[in-house]
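To start, the structure under review is shown below, and the notes come after it.
The values are calculated or read from the model by the stated rules, or taken from the named source; none is laboratory data. Since the model is a prediction, treat every value here as computed from it, not as a measurement. Cβ: placed from backbone, ideal geometry, glycine included. Neighbour counts: every protein chain shown. What goes into the accessible areas is simple: the full protein's heavy atoms, side chains included, and nothing from ligands, DNA or RNA. Shrake-Rupley method; radii C 1.70, N 1.55, O 1.52, S 1.80 Å.
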Amino acid sequence: TLKMAKKGVSFEEFRRIVTALPVVEESLAFGSPIFKVGKKMVARLNEDFAETIVLKIDPALRATLMAGEQDLFFTTPHHEPHPLVLIRLPKIETEDLQYLTDQAWRMVAPKRALKAFDARAEPSLFEQ
C-alpha cells in the first residue's frame, strides 16, 4: 500500500525520476512539460492544478489508489475516460512515485527497452 508523505516530491525531483528511465524524452505540450516514449505519454505536468502531474496508469490500479487516497490521487471528467491519474506531488513519497512512474513507463516502453532495463536491474549470478 502507498503511504502518505510528510515531505512530498518537487516537480524537479519527479523530472529526475522519469528522465532516468530509458528512452524517455521531455518536451512541451500546450506550454507544459511532458515526458514521452516516442509519441506515447508517460506523464506531464498538469497546468490546472498546482504541483500536480498526470501519469499513465492501469485503470484497475487507478481505482484502487483513488479509493484509498483521495487527497493524493484524483481524476477529472477530461482525464477519467483515459488510463490516467492526477497525483499531487506534495503528498506522495518518493518511493511510491518511483514505483508508479516505473509502471507508467512499462505501459509504453518498447519491448527491447524493457528487456534491457530489467536485465540491468537483475543481480547477476556471478556477483555473489
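Evaluated at q = 0.19, 0.24, 0.27 Å⁻¹, a Debye calculation over the C-alpha positions of the range 38-112 (equal weights, vacuum) places log10 I(q)/I(0) at -0.76, -1.22, -1.51. Volume of the convex hull of the chain (Cα atoms only), normalised per residue: 132 Å³.
About its Cα centre, the dipole of the chain is roughly 380 debye, where the only charges are +1 on Lys and Arg Cβ and -1 on Asp and Glu Cβ.
Seen from Ala63, the other residues with C-beta closer than 14 Å to its C-beta sum to a net charge of -2, counting Lys and Arg as +1 and Asp and Glu as -1.
Solvent exposure of the chain amounts to 62 Å² per residue of accessible area, where only protein heavy atoms count and the probe is 1.4 Å.
When the chain is treated as a GNM with alpha-carbon contacts under 10 Å, the residue of Pro110, Pro90, Pro77 showing the greatest mean-square fluctuation is Pro77.
Residues in the range 38-55 near a label at Phe11, defined as backbone nitrogen under 17 Å from the 7 Å Cα→Cβ point? Those under the cut-off are 42-55.
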